[in-house]
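Worksheet for the structure shown next.
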Amino acid sequence: MTVAATRFVRVLPADELRDGELLPVEIDGTPVVLVRHRGEFFATANNCTHRDFPLSEAGFDQRDGVLICAWHEACFDVRTGAAVVPPATEPVETFPVRVTDGFVEIGLTGSLLRS
Ligand code: FES
């Protein structure tokens, strides 16, 4: 059995997103939110697991490293996707991110996988 290597898609030059900023992006029609936090990049699905509201609408709390849902204020740890403040209880999906040749690239895993 062979295990396919993760494919990555290039999103933007790394220096175009400042620390503490987030950026909503679409990858093959799937909404994703990209965050730069303390020099590292993270990507999650852009859908709150409570009622499916876009997580990019409110903002990113740099102090705690959480995405805050604008609707009912659930919070998700951007590093792990864990729901850390209710009413959401289910984690948000996370995707691998790397920087190659100065560009941020998001890995096509989970719901970003297309056969
Ligand atoms: S939809 Fe996000 S907290 Fe309710």
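Scanning the stretch 9-27 for residues that are loosely packed, with under 11 Cβ neighbours inside 10 Å and within 20 Å of LEU112 (Cβ to Cβ) gives a single hit, GLU26.
Do you know which residues across the stretch 49-73 are outside any strand (DSSP E or B), open to solvent by less than 80 Å² (accessible area, probe 1.4 Å) and closer than 22 Å to VAL11 by Cβ? Matches in the stretch 49-73: PRO54, LEU55, SER56, ALA58, GLY65.
Taking the criterion of being under 28 Å from HIS50 (Cα atoms) and either open to solvent by less than 40 Å² (accessible area, probe 1.4 Å) or in a strand (DSSP E or B) (or both), the residues of the stretch 99-114 that qualify are GLU105, ILE106, GLY107, LEU108, THR109, LEU112. If I filter the stretch 74-81 for residues that are open to solvent by 20 Å² or more (accessible area, probe 1.4 Å), part of a loop (DSSP other than H, G, I, E, B) and not small (Gly, Ala, Ser), do I get at least one hit? For the stretch 74-81, residues open to solvent by 20 Å² or more (accessible area, probe 1.4 Å), part of a loop (DSSP other than H, G, I, E, B) and not small (Gly, Ala, Ser): present. Of all residues in the stretch 46-56, none are touching a residue at least 60 places away in the same chain (Cβ under 8 Å) and hydroxyl-bearing (Ser, Thr, Tyr).
Residues that are crowded, with 18+ Cβ neighbours inside 10 Å and either within 16 Å of the ligand (Cβ to nearest atom) or not small (Gly, Ala, Ser) (or both) within the stretch 38-48 comprise PHE41, PHE42, THR44, ALA45, ASN46, ASN47, CYS48, listed in sequence order. ARG10 meets each of the listed conditions (1) modelled with pLDDT of 95 or more; (2) among the basic types (Lys, Arg); (3) farther than 21 Å from LEU108 by Cβ apart from (3).
The values are calculated or read from the model by the stated rules, or taken from the named source; none is laboratory data. Owing to the predicted nature of the structure, the values given are computational and were not obtained by experimental measurement. Ideal geometry is used to build each Cβ from the backbone, glycine not excepted, and the neighbour counts take in all protein chains shown. SASA here: full protein model, heavy atoms, side chains in, ligands and nucleic acids out. Shrake-Rupley method; radii C 1.70, N 1.55, O 1.52, S 1.80 Å.
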